[in-house]
1. Just the accessible area for Thr83, please: 1.4 Å probe, Å², rounded to the nearest 10?
2. Any idea what % of Cα-Cα pairs in the stretch 428-475 are farther than 11 Å?
3. If you wrap a convex hull around the Cα atoms of the stretch 457-559, how much volume per residue is inside, in Å³?
4. Going by amide H atoms built from the backbone, whose H comes under 5 Å of the H on Asp502, apart from near neighbours?
5. With all protein chains present and a 1.4 Å probe, how do Lys225, Lys655, Lys266 order by accessible area, largest first?
6. How far, in nm, would the chain grow between Asp510 and Leu642 when pulled straight, counting 0.36 nm per residue and subtracting the alpha carbon separation?
7. Report the extension gain between Val529 and Val565 in nm, rounded to one decimal, defined as 0.36 nm multiplied by the number of residues separating them, less their alpha carbon distance.
8. Mind grabbing the accessible area of Met418 for me, 1.4 Å probe, Å², rounded to tens?
Amino acid sequence: MDERWQKSLPVSWKNVRFTGGFWKKRQEINEQVTLPAEYEQCRSSGRVDSVKCIYKPRENSGPEKGVFTIDGVLEENMADGETIPRPHHYWDSDLAKWIEGASYALWYERNPETEAVIDGIIDDFGKLQMPDGYVNTYYTVVEPGKRWTNVHRMHELYCAGHLIEAAAAYYEATGKAKLLDIVERYADHIDRVFGPADHQIHGYPGHQEIELALVKLYRLTGKKKYLELAAYFLNERGKQPYFFEEEARQQGRDPEDGGPKGILGKSFLAQGPYALFQAHLPVREQMTAEGHAVRLAYMGAGMADVASETGDKSLWQACVRLWDNVTSKRMYITGGIGSQDGCERFNFDYQLPNEESYHETCASVAMVMWGFRMLQVAPDRRYGDVMERALYNGVLSGVSLSGDRFFYANHLAAHPEMFRDRIIRNPRMFPERQRWFAVSCCPMNLARLLESLGGYQYTQGKLEDGGQAVYVHLYQEGTADIRVRDKKVVIRQETDYPWQGDILVTVGTDLDGAWTLALRIPEWSGQPVLETEDAEVWEDRGYLYVRKDWSKNGHLHLSLPMQPVLMEAHPGVRMDCGKAAIQYGPLVYCVEEADNDADLFDCILTGDSRLEAGFEESLLGGICTIQAQGIRRNREQWKGRLYQPASRSYFEPVKLKAVPYYTWANRGTGAMTVWMNHIPGMDHGKVDGKYEDKADRGNVN
Ligand code: FUB
Ligand code: ZN
C-alpha cells in the first residue's frame, strides 16, 4: 500500500463553471427538466406537505401499503382508510437531496420561485424542530415519542446527514443561514445524544451518510465537535456487544427478526452479525466490502474524510483496503457496485451478473463521492479513474436523455421479455426508466451530484516539498476561479472530452513564481502528449505534475490518445468469460437492438473486428458511436432445432454498432448488452466458404 499522504481539499463547486460541452448540456437538462420533475413528484406524492405535519395517525388505521407504482405515487405509503400520505421514514432525505441539488442550481442562476419553494420547506422544517433541536418528520407525526429507538433501521441519522448537506449547499449558494441554523442545532442535539458517556447512546447509524455530512459541517463552521462526532460514529461501528442488538433488546424486539423481507435480522448474512450494515466488525478490521453497497461507499467516503482531517493512518489503511476489495473484485466495468438484488448488496468476489445486476444508481453516485475523497488524501489515478468511470457510466445511465425518467437498478444486459413476462416484477429492476419510485433515493441523488459536479473537478494542496499544487481530476470545458498563495488564478479548460482527448489549459494569473498543476492521466489513455514551455514535469501515481511560473506562460496542451478498445473482465467473473466490452475513453459502450438486429447475444467479436469511432451529431444527443465487424451464427441452419452438433460453418458476418452505455434504453425497450462474445483467435475472414479459426493454427491475436 502506498502510504504517502498528500492532502488536498476540493475547490468549491461555486468556483467552477462549465461553459460548454458534455456536462454543461447535462447540467442544463438537470436544471430545466430533472429538478423540476423531481419537485413535482415530491409535491404530488405528499413529500413536500409531509413537513407541515398535517398527517395524523388514526387510531385504527391499517398497515402501510407501501405499494410500488410506476407512474405517480399518490397512493404510496397510505395506510388503509387514510387520505393523507403517511410520511415515510426517509422522506426527509428526499426533500433534503432535492434542496441540495436545487441550491447548487441557484448559485449558477438565481431563481426567486425556486428559492421561495425552498424557503417554504425550510420554514416547515424550522416549525418542526423541537426545542431541543430534534428534526424528523416521521418521528414527529407517525411515531411521536419514539425517536432514537430504532437507529438501526429507521434512518434518522441518514436523514439528518442529508439535511446537513442540503443546509451547506443552500447556505453557500444563497448566503442564507436559516437551514444551517436548524441543522447545527440538530447536530448539537445528536452530539448530546450519541457518545461515550453513560447517559449517551453508544451507537451509530443503520445507514451511513451523516459521517461525511458532519465533516462538511465541520469544514463550513470550523467546529471540531462535528468532526469528532463523525469519527465517533465510525470508530464505534462493529464494536461488541453490538449496538443494534442491544438496541433491539432494550426495545423488546427480537434482534433476529428480519422485517417483512427477512433481511434486517442480526444473522441474515453469513459474513457476520449485522454485516448488511457493515457493523459485523470494527471498520479497521473489515477486510472485504460486505453488505449494502450504498452504505459501504458512504462509509468509505466518511472514513476518507475523517482520515484526511485527523491524519488517522489506521483509518485510512482500512479505507484503502475496502476500496481495493471493491474495485479489484466487486465492481462493474461501469463503476457500479452492489450486484445483488434483494438487499442491494455486495456479493462474493467476481459475482457480477449482467441481466440481474442491481447496480443501484445511488451506489454509483456513492462511488464518485468516495473516489473523490480518496483523491483528497492521496492523488492517485486509481481513485480518479474509478470516480470517472462511475460518473460517465453507472451514474449517468440512471437518467434518461430527456432528464425525467430514471433507473434504480442499472443492468448490463437486458432482454425485453424478462419485463413483458413479469419475470422481473419490481419496477426498480425494469429495463425501462421510470418516472419515479416509491423509494426515490436515486433520482434525487443523481440530480444533486450532476449539479455539483464542478466541485469534483479540482482539489488544491501542498506537495511534499511545500510547493502549492492544483490537481485536475476531471476534464471538462469550463473555468475555475482559484486562489493560490492568496492570488487569483483562473484556469480555463477547452476540450471536447469525452469524445476527444485534447485538452487546452490556459492559466490566467499575475501570481509570480512557480507552482504546480497536476493532471490526471487516465489509465486508458496510454502515452499522453504534453506540450508546454519552461516547465519542470514529473509523473507520480498517474498524475502529471507540471511546475512553472504560470504568470509568464499560462498555456499547456494535453493530448490523451483516445481509441476504442476491447476490455476483458478478470477470469473469475464467470459471466463475462469469453466476452469483451468496448470502452472509448472513460465511456463504456453497449450494443442495443435499436442499432443492431436482435440476437445481440449471439454476436461475436473476432480477432480482426476493427473498432471504428465516429461522431453522430443527430443520434442520442450527439455521441461517438463505435462500429465493428463481427460474426454470428446463421439462423437458417437452426430451423426447428433447439440443439445440434457444433460446427464452424454456421457463421455469417454482422455489422455491429455500439453506443455509450449511458444512452441505452432511450429508444424504447429492446435488448442490450455491454459484454459481447469475443474470440480473439478467430478471424472472421472467409476461407473456402468457411470462417477461418486462426487459433486452430496457433495464430492467436
Ligand atoms: O435506504 C435509503 C436508500 O434507499 C438506500 O441508500 C438505497 O440503497 C435505497 O435502499
Ligand atoms: Zn438509490
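1. Roughly 120 Å² of Thr83 is accessible to a 1.4 Å probe.
2. Distances greater than 11 Å cover 76 percent of the Cα pairs.
3. Dividing the Cα hull volume of the stretch 457-559 by its residues yields 90 Å³.
4. It is Asp496, Leu560, by chain and number.
5. Accessible-area ranking of Lys225, Lys655, Lys266, largest first: Lys655, Lys225, Lys266.
6. Between Asp510 and Leu642, full extension yields an extra 40.1 nm.
7. So the chain would gain 11.0 nm between Val529 and Val565.
8. Probe radius 1.4 Å; accessible area of Met418 about 40 Å².
The values are calculated or read from the model by the stated rules, or taken from the named source; none is laboratory data. Since the model is a prediction, treat every value here as computed from it, not as a measurement. Please note that ligands, DNA and RNA were not included when accessible areas were found on the heavy atoms of the full protein model with its side chains. Shrake-Rupley method; radii C 1.70, N 1.55, O 1.52, S 1.80 Å.
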